[in-house]
1. If I go through the stretch 105-139 residue by residue, how many of them are open to solvent by less than 80 Å² (accessible area, probe 1.4 Å), more than 8 Å from the ligand (Cβ to nearest atom) and assigned to a loop (DSSP other than H, G, I, E, B)?
2. Against the conditions (1) touching a residue at least 40 places away in the same chain (Cβ under 8 Å); (2) in a helix (DSSP H, G or I), where does residue 102 fall short? Just the number, please.
3. Can you name every residue in the stretch 76-102 that is under 20 Å from residue 177 (Cα atoms) and near the ligand (Cβ under 10 Å from one of its atoms)?
4. Just to be sure before I move on: is residue 83 under 24 Å from residue 61 (Cα atoms), open to solvent by 60 Å² or more (accessible area, probe 1.4 Å) and not aliphatic (A, V, I, L, M) in the structure I sent?
5. Which of the numbered conditions does residue 97 fail, given that it passes all the others? Conditions: (1) without any contact (Cβ under 8 Å) to a residue 60 or more places away in the chain; (2) part of a loop (DSSP other than H, G, I, E, B); (3) within 23 Å of the chain's Cα centre (by Cα).
Amino acid sequence: MNSFELNKIAGALLGGALAIVAINEIANFAVSPHYPEKAAYAIDTGNAETSTMAATESPYEGPTLSALLASADAEKGKKVFKKCGACHTADEGGKNKIGPNLYAIIERAKGSSAGFSYSDALVAKGGNWSYEDLDAFLKKPKDFIKGTKMSFAGLKKPNDRADLILYLRSLGSEAVSLPSVN
Ligand code: HEC
């Protein structure tokens, strides 16, 4: 082997080494983890940060109270009222029982049945029994008025509440117009 050949070999080795370094650099550059601030497409991991789609979609809430009232059935409501009858009368001049008389209850001031001893919580709530307030109260009394002494779990079904409210309206609250459906 003469020196020329040695030079060639050395050159080849050096060239090879350089090539490896170069490839390594390029490879490093190509795969170097420069992560973008935000992934181009979100992977739904189920946590709130990535599932923005679900957050922008409004959750299904069902028909509004006004819509339910517009198609409610007072006759059915009369049957629902049987659940209330143990504690309430709802006829004109009816007596207070465990609960106050409910005649003309819609838009009646809260806690205003004469001679009934209300809880402080109910009196403190204040305002009138609007359709919305009645609906919320009847859904879960203790949620709407924490500390109420009305021991009633509530009516889960929106339709039952609407039927019942329409029935109560027919007892002295006919003059209170139904909420408009928009
Ligand atoms: C176990 C007895 C009981 C049952 C059942 C019951 N209530 Fe009551 N209700 C009460 C009591 C007691 C109060 C007074 C609550 C207070 O002072 O915190 C009350 C209060 C109310 C009030 C507020 C009245 C006002 O003058 O401010 C409304 C409205 C009402 N009840 C409607 C109903 C309806 C409708 C039902 C049936 C779905 C029902 N309640 C079932 C005992 C009952």
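The values are calculated or read from the model by the stated rules, or taken from the named source; none is laboratory data. Bear in mind that the values here come from a model prediction, so they are computed numbers and not experimental data. When we count neighbours, we look across all protein chains shown, and the Cβ atoms used for this are built from the backbone with ideal geometry, even at glycine. Heads up: the accessible areas ignore ligands, DNA and RNA and are worked out on the full protein's heavy atoms, side chains in. Shrake-Rupley method; radii C 1.70, N 1.55, O 1.52, S 1.80 Å.
1. Going through the stretch 105-139 one residue at a time, the tally reaches 4.
2. (2)
3. 77, 90, 102
4. Here the answer is no, as residue 83 does not meet what is asked.
5. Against the list (1) without any contact (Cβ under 8 Å) to a residue 60 or more places away in the chain; (2) part of a loop (DSSP other than H, G, I, E, B); (3) within 23 Å of the chain's Cα centre (by Cα), residue 97 comes up short only on (3).
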